[in-house]
Amino acid sequence: MRAVIVHEHGPVRDQRVETLPDPVPGPGEVLIDARAIGVNYPDMLVIEGKYQVLPPRPFSPGKEVSGVVSAVGKGVTRIKVGDRVMAQREYGTYREKVVSPEATCYVMPPAMSFEEGAALGLAYQTSHFALVDRAAYRKGETVLVTGASGGVGLAGVEIAKALGATVLAGVTSPEKGEFCKTHGADHVIDLTAPDLRNSLREQVYAAIGKRGVDIVLDNVGGDAFDGALRALAWCGRLVVVGFAAGRIPEVKANYLLVKNISVVGLQWADYRERDPEWVQRVQTELYALYEAGKLKPHVSARYPLEKFADALARFVERGVQGKMILTPR
Ligand SMILES: NC(=O)c1ccc[n+]([C@@H]2O[C@H](COP(=O)([O-])OP(=O)(O)OC[C@H]3O[C@@H](n4cnc5c(N)ncnc54)[C@H](OP(=O)(O)O)[C@@H]3O)[C@@H](O)[C@H]2O)c1
C-alpha cells in the first residue's frame, strides 16, 4: 500500500509517498481500506513539527479517514468486516490502508458518501465540543463563529444553527458570508473591517442588539479574538479553538472580571484519548443531525493522495471553504 511518510519534520513539499507492506490490525483494532481522507489544518503543523503533539518518526500524518473495514483484530466486537466506517486518529490516516482502534471508529449512516463521512469528523467534533461542552450552550443563545467559512468554522455554523442558535459568521469576504448563510448563518461579520478591536463589536451590536453575543467560537485568534472578546454579552463565553491568523492573543484578567465573562480553551483530541465513549455519543448525535438534513458537510476540493502537498498549501494560500479530501485511489 502507498502512504505519505514523514521521516524528518520540515516543509510539506519535502515529504513523499512511499510503498509499504499492508498493515495488520492488532487486538482491539480494525483495518480500513481508505476511500476518503480528511485534510485538516493541523496536519500541516504536525508535518512541520509545529504542533503541540508530535508523533514518533517516521509517521504518516492525517487525523481522519473513511472507508470499508477489510479485517478486524482479536477482541473487536462492535465493528465488522464490510462495515462502512469513519475513523479518527492522532496521526496516520494519509494511507491507502489505515489501522484504527475500534474505540475511535464509527459506522457511517447508510446514505452518507465516503467524502461526507471523512468531512463529518474532526471539524464537526471540534465545533460540537467547543459549543456544547466548553461553552455550555443553551438553546436559543447567540453564537459568533470566526473563520466561519473554513472547515471547523463551517461545522460550527451548521451545528449551532441545528441546535437552535442565532448564528453570526465571521468571514473575510461577502462571498464567504453568502456561502455561510447557505449553511445556516443568520448574520455576517466582516473580519477585514478596519480597527477590528472596536468595529467587530459595532457589527455584532448592529446585527443582534447591544446586549452582545453569548458565545464566540474563535478559530482565528489575533485581531478577531481581540474584537470578539469585546463583543461578548454579560456572562458570555469565548472558546479558544485555533489561531489561523497566526497571532496567539493575550487576555487581561481584569477584563474577565469586569464583564463577568469566561475564556476557555478546547483541545479536542484530549476527549478522543481520555473518553472515547463520550466522543462516540457525540458522533452518534452528529449522524442523527445529518440524517435529519441539518448538517451538510461541504467538500470543496479533492486531491489524489500523492497531491497532499497541494491540498495543504491551500491552508497557507487561504480561502478554503469547508473541507478538502484526499482520494487514495
Ligand atoms: N482546538 C482543537 O482541538 C482544534 C481542532 C481542529 C482544528 N483546530 C484549529 O482550528 C483552526 C481552523 O482550522 P480549519 O481546519 O478550519 O482551517 P481552515 O479551513 O483553513 O479555516 C481557517 C479559517 O480562518 C480564517 N482566517 C485565516 N486567517 C485569518 C485572518 N487573518 N483573519 C480572519 N480570518 C482568517 C480563514 O478565512 P479565509 O479563508 O478567508 O482566509 C478560514 O475561514 C486552525 O487554527 C486549527 O489548527 C483546532
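The values are calculated or read from the model by the stated rules, or taken from the named source; none is laboratory data. What you see is a predicted model, and the numbers here were worked out from it, not measured in a lab. FYI the Cβ positions are ideal-geometry reconstructions off the backbone, even for glycines, and counts take in every protein chain you see. Note: areas computed on protein heavy atoms with side chains; ligands, DNA, RNA excluded. Shrake-Rupley method; radii C 1.70, N 1.55, O 1.52, S 1.80 Å.
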- Of the heavy-atom accessible surface of region 126-268 (probe 1.4 angstrom), what whole percent is carbon and sulfur? 54
- Item | Phi-based couplings in Hz for region 212-226 (Karplus 6.51, -1.76, 1.60; Gly and Pro marked x) | x, 9, 5, 9, 10, 9, 9, 9, 10, x, x, 5, 5, 4, 4
- Query: Where a ≥ b ≥ c are the square roots of the eigenvalues of the C-alpha gyration tensor, would you call region 189-268 rounded, which needs a/c under 1.5, or, failing that, prolate if a/b is larger than b/c, or oblate?
  - Reply: oblate
- Task: Could you pull the accessible area for TYR303 with a 1.4 Å probe, rounded to 10 Å²?
- Result: 40
- Once amide H atoms are placed 1.01 Å from N in the peptide plane, what residues at a sequence separation of 5 or more from LEU238, or on another chain, have their amide H within under 5 Å of its amide H? VAL216, SER262, VAL263, VAL264
- Task: Taking amide H positions as placed in the peptide plane 1.01 Å from N, state which residues far from MET108 in sequence (5 or more) or on other chains have amide H under 5 Å from it.
- Result: ARG84, VAL85, MET86
- Can you work out the accessible area per residue across the chain, with the rest of the protein chains kept in place, probe 1.4 Å, in square angstrom? 42
- Query: If ASP223, ASP270, ASP218 are ordered by their accessible area, calculated over protein heavy atoms with a 1.4 Å probe, which sequence runs from highest to lowest?
  - Reply: ASP223, ASP270, ASP218
- In whole Å, how far is the Cα centre of region 217-264 from that of region 9-49? 33
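Can you say what percent of the DSSP beta bridges in the chain, counting only those with both residues inside, are antiparallel? Round to 5.
55
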- Using the alpha-carbon centroid of each, what span in Å lies between region 276-317 and region 154-186? 16
- Item | In order through region 153-158: 3J(HN,Hα) via Karplus (6.51 cos²θ - 1.76 cosθ + 1.60), integer Hz, x for Gly, Pro | x, 5, 4, x, 4, 5
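Shape call for the chain from the C-alpha gyration tensor, a ≥ b ≥ c root eigenvalues: rounded (a/c under 1.5), prolate (a/b greater than b/c) or oblate? Mind dumping the intermediate values first?
Working: a/c = 1.97, a/b = 1.66, b/c = 1.19.
Judged from the Cα gyration tensor, the chain comes out prolate (a/c at least 1.5, a/b above b/c).
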- Straight-line reach from LYS50: which lysines have a Cα under 19 Å away, not including same-chain ones fewer than 8 places off? LYS63
- Item | Protection-proxy order for peptides 193-206, 62-75, 7-20, each taking the mean of Cβ atoms within 10 Å per residue, highest first | 62-75, 193-206, 7-20
- Rounded if a/c under 1.5, otherwise prolate or oblate - region 126-268, Cα gyration tensor axes: rounded
